[in-house]
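Contents: one structure, followed by commentary.
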Amino acid sequence: MTVDEPLSTRLSALCAEGRAIFERFDSDVRDRDFHPFVAADYDVVLAALLVHRGPGRRFLEWGSASGVITIMADLLGYEACGIELDTSLVRTARALATRFDSSARFVAGSFLPTGYAWRPRDGDGRTSTIGLGPSGYLQLGLPLEHFDVVFGYPWGGEEPMMLDLMRCYGRADGLLLLHSVNDGVKAYRGGREVTSAR
Ligand SMILES: C[S@@+](CC[C@H](N)C(=O)[O-])C[C@H]1O[C@@H](n2cnc3c(N)ncnc32)[C@H](O)[C@@H]1O
């Protein structure tokens, strides 16, 4: 699926600004201390969002950081929301949305619903880089089940937890898009990888 010239220009500018924000974040914050924010490959994510977009589709980004991907989804016509634990990144995302005239919504909180606990078969339920905090869905006023397409960028080993979260609280027909450094974006429905266009 293609986008028209003005939208393509806007998306390119958004991605360029997102990369610049991440470079600054990397030197100002990550060079001093560990922080789980690493920017996804925006071109790869854009291609996936184009495949799965449709009128009125509802998009949620888990750990939306600087907001680039949620804003991208909004510009593509999704009803788009992002939940991020780091409040300073939520401020960055809202400012970026304003600059791009986007109505993407961002809330500070956790993408883990209240009461959710990751209980893997091997018993090690540590959540690695996924932090804990008050659930963002309350502030959003929408449950995870509301969303047709959910995007996450798990660190290595966190994929099973995201799949479990979607299975427990997501729509049965909801699509989970998981980004990884080596495999790009994989799409899952009902816990299984889907390779068809939509
Ligand atoms: C690997 S980064 C991905 C950033 C962005 N989604 C992207 O793909 O460019 C993960 C983000 O999730 C945030 N995060 C970690 N645990 C979270 C939680 N429980 N709820 C919301 N955000 C969380 C981190 O602060 C970080 O910004």
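The values are calculated or read from the model by the stated rules, or taken from the named source; none is laboratory data. Please read these numbers as outputs of a predicted model, since none were measured by experiment. Because the Cβ atoms are built from the backbone with ideal geometry, glycine has one as well, and the counts that use them run over all protein chains shown. Side chains are part of the model used for accessible areas, which takes the heavy atoms of the whole protein and leaves out ligands, DNA and RNA. Shrake-Rupley method; radii C 1.70, N 1.55, O 1.52, S 1.80 Å.
So, VAL29, is that one over 25 Å from GLY170 (Cα atoms) and assigned to a helix (DSSP H, G or I) or not? Yes: the conditions hold for VAL29.
Quick grid of which residues meet (1) open to solvent by less than 50 Å² (accessible area, probe 1.4 Å); (2) within 11 Å of the ligand (Cβ to nearest atom):
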{"position": "ASP33", "(1), (2)": "no, no"}
{"position": "TRP62", "(1), (2)": "yes, yes"}
{"position": "CYS81", "(1), (2)": "yes, no"}
{"position": "SER102", "(1), (2)": "yes, no"}
